[in-house]
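The values are calculated or read from the model by the stated rules, or taken from the named source; none is laboratory data. In this text the structure is predicted, and so the values were computed from the model without any measurement. Note: ideal-geometry Cβ built from the backbone for every residue, glycine included; neighbour counts use all protein chains shown. Ligands, DNA and RNA are stripped out before the accessible areas are found, and what is left, the full protein with its side chains, is counted by its heavy atoms. Shrake-Rupley method; radii C 1.70, N 1.55, O 1.52, S 1.80 Å.
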Amino acid sequence: MLWQMAVRNLWRNWRRTLLTMSALVISVSLLILSLGVFSGMFADMLASATQQYHGHIVISKLGYQEQRQLHDTMQYDQHVIDQLQATSDVYGVSPRLRGFGLLSRDEQTEPAELLGIEPGRERQVTSLNEMIVAGVFPEETRGNWIVLGSGLADKLEVIPGDELVFVTQAADGSIGNDLLIVRGVFKSGDFNRDNSLALVSLAWLQQLLVLPEMLHEISLSINTPMEATPVAKQLAMQFPDTMEVIDWGRLLPEMQEAIASYDVSRLILVLILYAAAGLGVLNTFFMSVLERVREFGVLLAIGMKPSSIRNLVLLESLILGGLSLLVGSGSGVLLTVLLSGDGIDLSRWMTAVTYAGGTIPPRLRAELVADNLLIPCVTLLLVSLFAGYLPARRASRLRPIAALRGD
Amino acid sequence: MMELIQLRNVLKSYQAGVQQVDAVRGVNLQIKAGEFAALAGPSGSGKTTLLNLIGGLDQASAGQVIVEGCNLAECSSVELADFRLQRIGFIFQSFNLIPVLTARENAEFVLMLRKVPAEKRHARIDILFQQLGISGLEQRRPMELSGGQQQRVAVARAMAAEPAVVLADEPTANLDSETATDLLFLMQQLNREQGTTFLFSSHDPKVIGLADRVVNLKDGRIVE
């Protein structure tokens, strides 16, 4: 009976109920959408930082990631690579060697970072192969090909098919130099990377640096990037203390801080939006209780317990909150899904922004994350309950005689 | 007949601004089980206050209100709610039906609070609606009923749980004289057939004339 009464009480002033519901529905759906946009933005940033260069986890000799010393190498061990690839959380494994030197063409010379890769493996860890703007992403594991960042290609004034010379100091102290043929140009959107990074074949770089069968790092992509820390910890147990397994959070501390601060800003956003919506609900239920004081007096007079009166008003607020939640979360999810995928291209109005080691592309894209649905939903129910509780308590504390008089 | 209601030196005062108003002044009254009694008197004589005190809606400033052996001054608000649920049936001047409930649901409400099974509830209300001449109106909402029909539903609600006493505050004040007399006859019939004690207030001599016993009040005191 309480349920029936609660529903009918809400419906008896349906305009007010619908207005309050609309405020809640808009709050929930906007909140889910804006949190989705935040998540999309951070996912893009994380993807740019990890899928364009680092990967989610990097295994290297202790201290290499800080110092980048040429001699801090490890053995290329096919068995280790196969073992890593077979790990359930791991999606891709890419062995890498890194060299720094000068790239020259005619009169143009530019400093560059050359990353020796096996193209087939690298494309499972980074998405540089999808960012080719000229030429191709090579498939060969050997050969003297090079794929340049667009800024670097512009500065060297090269296009696919052109030749370049790379000069560097090899591990044995000799000067290593060789001719490279430009096979492709990539554009990641990250200014620094596009202006300094070039990809070459792992075997070629090993030979040039006189580091045969050696690596500087093994980069991994995993199925759930936000779980990189526990996965890295688990993988670290398989390696000796002279090696380190670093997740993206340690490689990109600014990014981790940015994501942590996002959690706080998400909470603030939830509080601000729901404080406004909660006041709306509070007002509605205070009005509703004040209008029904005499009715509560009758209910108390005929023997209804004060706690049942309180439960009736609480139930009304819960039903209102629950219905708003269903409609609001449904429309919020729908809007988020509509903005997922490639999102809306904003490149006509803005350029990519590099922040905290990642790049925010010029697009409005949302990502559906369970937390972004759970937090607004649970909070809305709590807000509804709280906003309903104060009027409910007032109703339950009415003195029957005063309520019957309408005081 | 045993005494169902005992009022001993009951006093009820209100604070109206800086002034103290004595609505009931030292009333002593006994009502026996099965009586059909009326509280008569002009407006402000203390009829409603007395009914509210007996019904546990209000508490006396001094003296004792004892209903079925229960001293109401010693009850908490929850105990008073239970007392009203189990022992008292109320009929109000302005009907006071719950607008979102149908006539049947209004009448059944007290039975539902007392957790009476649905079948028994329906059977009881069917009988009462028949006795009160409102069969066929079960699914109507209060606003779809006339004043007389609403008050009959209110009588059904008060009678549904077979309370020890039905307290009716000016039950006919908002009804035309014919409907008022009909309603009083029905209440009288229920009193005689079911033995339910009725205590009602009125200042209408025609209505008071139907009571078996009349208690006259003036300025908060019982007058002979």
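Some points to look at:
- Residues along the stretch B:63-93 losing 30 Å² or more of accessible surface when the other protein chains are present rather than the chain by itself (probe 1.4 Å): B:Val78, B:Ala81, B:Arg84, B:Phe92
- Label point of B:Gln59 set 7 angstrom out along Cα-Cβ; within the stretch B:1-37, amide nitrogens under 20 Å from it belong to B:6-16, B:21-27.
- For the stretch A:1-125, the alpha carbon convex hull comes to 242 Å³ per residue, rounded to a whole number.
- Against chain A, whose longest principal axis comes from its Cα atoms, helix A:306-338 is set at around 30 degrees.
- With a Förster radius of 22 Å applied to the beta-carbon distance between A:Gln78 and A:Ala47, the computed FRET efficiency rounds to 0.15.
- Scattering profile of the stretch B:1-69 at q = 0.19 Å⁻¹ [log10 I(q)/I(0), Debye over alpha-carbon scatterers]: -0.75
- Once the Cα atoms are used to define both axes, helix A:370-396 deviates from the longest principal axis of chain A by about 20 degrees.
- Positions from the stretch A:372-407 whose accessible area shrinks by 30 Å² or more when the full protein complex is built, not the chain alone, probe 1.4 Å: A:Pro400, A:Ile401, A:Leu404
- Mean Cβ neighbour count within 10 Å, used as a protection proxy, ranking B:42-53, A:98-109 highest first: B:42-53, A:98-109
- Neighbouring Cβ atoms from other chains, within 10 Å of the Cβ of residues in A:291-303, number 6 on average.
- Simple Cβ-charge dipole of the stretch A:69-215, Lys/Arg +1 and Asp/Glu -1, about Cα centre, in debye nearest 20: 140 debye
- FRET efficiency estimate (nearest 0.05) - Cβ-Cβ, A:Val337 to A:Arg16, R0 30 angstrom: 0.40
- Computed over the Cα atoms of chain B, the ratio of the radius of gyration to the Kirkwood radius (Rg/Rh) comes to 0.96.
- Share of Cα-Cα pairs in the stretch A:188-305 lying beyond 18 Å, as whole percent: 77 percent
- Rounded percent of accessible protein surface that carbon and sulfur make up, the stretch A:325-385, 1.4 Å probe: 71 percent
- The stretch A:315-391-the stretch A:176-208 distance, computed between alpha-carbon centres (Å): 41 Å
- Annotation for the A:B interface, with buried accessible surface near 2100 Å², both sides summed [1.4 Å probe; non-protein components not counted].
- Each of A:Leu271, A:Leu10 has its accessible area taken with a 1.4 Å probe; listed largest first, they run A:Leu271, A:Leu10.
- Over the stretch A:313-389: Rg over Rh, Cα atoms, Kirkwood Rh: 1.18
- Net charge over other residues, Cβ less than 12 angstrom from the Cβ of A:Val289 (K, R count +1; D, E count -1): +3
- Which of A:Met255, A:Val289, A:Gln169, positive extreme of dipole for chain A (C-beta unit charges): A:Val289
- The protein assembly as shown, helix-only ellipticity at 222 nm - DSSP H runs n ≥ 4, -39,500 (n - 2.57), divided by all residues, nearest 500: -14500 deg cm²/dmol
- Percent carbon-and-sulfur accessible area, the stretch A:69-215, ignoring ligands, DNA and RNA, probe 1.4 Å: 49 percent
- Annotation: average projected area of the stretch B:99-224 is 8.5 square nanometres, based on the convex hull of Cα atoms across all directions.
- Label-point separation, A:Glu291 to B:Ala173 (7 Å along Cα→Cβ), nm: 2.6 nm
- Principal axis dimensions, the protein assembly as shown - Cα atoms, whole angstrom, descending: 130, 53, 47
- Simple spin-label estimate for B:Lys120 and A:Lys187 in nanometres, 7 Å along Cα-Cβ: 8.3 nm
- Cut-off 13 Å between beta-carbons: net charge of the residues surrounding A:Gln75, Lys and Arg +1, Asp and Glu -1: -3
- The calculated Kirkwood hydrodynamic radius for the stretch A:69-215 is 15.5 Å, given to one decimal from all distinct C-alpha pairs.
- In this structure, the residue pairs whose Cα-Cα separation is over 27 Å, taken from A:Lys305/B:Lys12; B:Lys47/B:Lys115; B:Lys32/B:Lys120; A:Lys61/A:Lys233; B:Lys47/B:Lys120, are B:Lys47/B:Lys115; B:Lys32/B:Lys120; B:Lys47/B:Lys120.
- Model label points for B:Val214 and A:Ile268, set 7 angstrom from Cα along the Cα-to-Cβ axis, are 7.7 nm apart.
- Surface accessible to a 1.4 Å probe, per residue, for the residues of chain A, Å²: 45 Å²
- Once the C-beta distance of A:Met243 and A:Leu279 is scaled by a Förster radius of 56 Å, the resulting FRET efficiency is 0.50 to the nearest 0.05.
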